[in-house]
1. Against the definition (at negative phi, charged (D, E, K, R) and touching an Asp or Glu at 6+ places or on another chain (Cβ under 8 Å)), how does LYS582 come out, yes or no?
2. Tell me which residues, restricted to the stretch 22-35, are touching a helix residue (DSSP H, G or I) at 6+ places or on another chain (Cβ under 8 Å) and either basic (Lys, Arg) or touching a residue at least 40 places away in the same chain (Cβ under 8 Å) (or both).
3. Any chance the stretch 126-139 includes a residue that's under 30 Å from GLY187 (Cα atoms), touching a Ser or Thr at 6+ places or on another chain (Cβ under 8 Å) and of a type in the set (Val, Ile, Thr)?
4. Can you tell me which of PHE101, PHE22 is buried (at least 17 other Cβ atoms within 10 Å of the Cβ), within 27 Å of GLY169 (Cα to Cα), in contact with a His (Cβ under 7 Å, 6 or more places away or on another chain) and at pLDDT 95 or above?
5. Assuming ALA83 fulfils every condition listed in (1) farther than 30 Å from ARG289 by Cα; (2) part of a helix (DSSP H, G or I); (3) in contact (Cβ under 8 Å) with a residue 60 or more places away in the chain apart from one, which condition is it?
6. Does VAL183 qualify as being more than 26 Å from PHE351 (Cβ to Cβ), in contact with a helix residue (DSSP H, G or I) (Cβ under 7 Å, 6 or more places away or on another chain) and assigned to a helix (DSSP H, G or I)?
7. Under 7 Å by Cβ, and 6 or more places apart or on different chains, what pairs join a residue from the stretch 612-632 that is free of Cβ contacts under 8 Å to residues at least 24 places away in the same chain with one that is of a type in the set (Ser, Thr, Tyr) and outside any helix (DSSP H, G or I)?
Amino acid sequence: MSNTKLFSGLKSTVLVSIVFLFPLFFLPLTQEFFATNKFYLLGFGALLLVLISTVEFLITKKMAWEQKPLDRLVFLFVLTAAASTVIVSPNKVQSILNVNFGLGMLASLAILYYYLSRNLRLSVYFKVFSVSSVLLSLVTVIFYFQPFAKSSLPVSLQFLKNSLFSPMGGQIDLLLILGFFAVVQIGRILVKKHTDYKDKAFLVGSACLTLVALGLTLYSTFTSSVSQASNILPPVGLSWYAAVDILKSPLNAVFGVGVDNFTSIYTKVKDVAYNQTLLWQIPSFSVSRSAILHVLTETGLLGFATLVLLLTAISRPLFANFKKQPTNPLFLMVVYVLLALFLFPPSLSLFYLLFILLGVIANEAKPVSDQTAAVSAAPMHVSLANLIPLYLGIIVIAFSIVGFAGYYLGTTYLAEYKFKQSLVGYTNNNAKELYDNQVDAIVLNPYLERYRINFSQTNLLIANNIVRQAIESQQGKDKIELSANDQQTVSQAIQSAISEGKAAVSLNPQKATNWENLAVIYRSVINAVSGPVDTWAAAAYQRAISLDPQNPQYRLNLGGIYYSVKAFDEANKLFEQAAALKSDWPNAYYNWAWSSYQKADYQTAAQAMQNVVNLLDPKKDKVDYDKASADLVEFKKKLPSETAEATSAAEQNPPQLSLPEPTKQPVKPPVVLPTGAEPEAEKQ
């Protein structure tokens with residue numbers, strides 16, 4: 001066997017393996033089992049293909065290049081995402097690793113496209129799709145009936161009891177893949193002349209099985225409360241407003257808001273009406289409602305225009321031949337992917353289908369009729385046997401790129417594994433395993449905001465547990481005294497919590513939730529720290545509010561800080577704003593009522609408390625209703641010529657209405673924070 005055939009066979013084997021495994025591949029080694037591991041499958045698979053080509057060049061000293069009609073557009077699309085990442089994205093590393101729409105994902109898929117368009121024929125795709133669809137459909141149907149529901153499984157395998165389990169992870173991704181397989185199989189049934197009865201029977205049987213799995217998935221998606229809760233999507237209107245909003249800035253119009261930065265613009269375009277929907281407790285979404293709109297929002301007009309050109313290039317020839325072959329499988333595949341890009345949010349699965357389709361179409365493209373163009377499109381073979389410096393330079397560069405990218409992917413995957421192990425430690429109540437693995441994850445990859453935020457909360461949990469134990473052992477004392485060791489541990493934990501919270505903010509200061517996390521940390525340690533921590537908490541909340549101005553929760557929490565230090569004027573304004581932003585939120589009116597009462601504005605207090613009573617259900621919210629009713633009676637007593645009968649309180653359910661308590665200094669001695677613990681907003 002010649003070297004050319006050997007390496008061609010290796011490439012084809014890797015490609016078939018990736019296409020076959022992608023719908024089925026998952027590993028319970030990371031926090032998210034499915035998309036994360038599929039992302040690394042593509043990444044390592046792409047590097048393996050490049051490595052094989054590099055070794056082939058090392059041995060043969062020849063380079064081959066075959067121009068395909070979609071190559072330039074694919075390259076430009078990835079280039080626009082790279083430009084958006086480098087120029088605009090606040091957290092560039094996280095934007096590379098984003099599994100829904102990130103530079104790493106697009107680069108891996110572009111490499112996969114390059115090899116698919118030159119190594120696999122359409123018939124091979126169909127065979128691989130058939131086998132994958134059968135296996136995926138079987139798993140979907142089997143798990144719909146919960147075969148392990150009553151089995152005793154270890155904690156690490158509890159996910160197998162989930163009736164919604166599938167190797168694709170989420171229901172939306174499963175619908176996308178099953179729908180694609182169904183379209184391919186139906187198209188083949190309609191156009192293929194089957195001379196082999198067994199082949200026809202397998203094709204029809206696999207199509208029926210796929211349709212059954214698709215039907216069950218659709219049914220569970222719309223009927224299961226768990227599925228509905230996990231598949232909440234951003235509103236179409238706000239996704240459109242986010243896309244249009246980028247046009248207000250020349251930089252954003254050209255390059256978008258940056259890859260992995262949709263959250264920042266979503267919070268900006270939210271309106272008051274959003275707070276009247278069931279989504280109001282979700283501060284933001286990381287993806288748009290439509291993949292097309294998402295590309296426009298994050299990569300700007302450059303990325304959007306390139307994607308439109310790419311989609312036009314693959315659809316125009318097929319639509320032109322629609323009358324001749326209306327059931328052509330390629331035509332049906334293109335229509336399906338186009339609709340999915342408009343109707344579904346961006347995801348690894350969706351872009352995988354797009355690039356697979358690009359590879360298929362580029363490989364099946366017929367040679368152009370023009371003789372000159374045909375010659376230029378033919379494969380080019382260049383020997384560098386006599387150009388040793390150039391030959392060695394290419395070898396060094398290629399191996400360096402593969403080595404660096406492989407090391408980077410390996411390191412970031414190990415970080416994901418370590419972070420998953422920290423969650424196992426939390427489940428097992430093993431504080432050391434939780435802490436040590438989170439430290440390892442951050443050392444391996446210090447650029448993920450998720451790691452930083454979780455580690456800040458872990459440190460906060462450690463400090464709170466020590467203080468809580470001291471409170472329980474010293475009940476009845478006005479001040480809680482910590483031992484020297486506990487004092488040192490609490491001090492280090494609080495300092496680490498603040499440091500990690502600030503690190504998350506520095507990675508992306510445009511994300512309101514990062515500032516909220518820092519504010520929560522400051523607010524949580526007010527009782528244990530000396531210094532103006534309440535002022536720092538207020539400053540962090542103000543930054544969060546500036547980034548998410550329609551969020552009533554941030555204003556309520558900031559008002560709570562002012563209320564706790566008896567700054568009732570400021571608290572009153574914020575509670576009133578929270579009530580205005582969400583006019584059906586009883587707790588906002590409840591806090592507003594009490595802050596008005598503290599200011600001796602009894603008329604406003606009574607009116608706000610009346611709104612609380614009106615919004616609560618006397619049966620469903622009996623405890624809160626009775627509590628608010630009793631408060632209303634007391635408030636009315638402060639009004640001229642007002643009397644009311646007291647309402648008895650009930651204790652059937654824990655109350656949900658809450659009011660901030662004045663701050664105390666229960667820990668002695670208080671923790672002294674180092675210089676620089678204050679938020680950046682306080683330094684300016």
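1. So LYS582 does not fit the description; no.
2. Hits for the stretch 22-35 are PHE22, PRO23, LEU24, PHE25, PHE26, PRO28, LEU29, THR30, GLN31, PHE33, PHE34, ALA35.
3. So far as the stretch 126-139 goes, yes, one or more of its residues are under 30 Å from GLY187 (Cα atoms), touching a Ser or Thr at 6+ places or on another chain (Cβ under 8 Å) and of a type in the set (Val, Ile, Thr).
4. PHE101
5. (1)
6. no
7. Hits for this filter: SER629/THR647; ALA630/THR647.
Let's see how each residue does on (1) among the small types (Gly, Ala, Ser); (2) under 19 Å from PRO509 (Cα atoms); (3) buried (at least 20 other Cβ atoms within 10 Å of the Cβ):
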{"residue": "SER249", "(1), (2), (3)": "yes, yes, no"}
{"residue": "THR267", "(1), (2), (3)": "no, yes, yes"}
{"residue": "LEU296", "(1), (2), (3)": "no, no, yes"}
{"residue": "ALA305", "(1), (2), (3)": "yes, no, no"}
{"residue": "LEU310", "(1), (2), (3)": "no, no, no"}
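The values are calculated or read from the model by the stated rules, or taken from the named source; none is laboratory data. Just so it is clear, the model here is predicted, and its values are computed rather than measured. In this analysis, Cβ positions are derived from the backbone assuming ideal geometry, glycine residues included, and neighbour counts consider all displayed protein chains.
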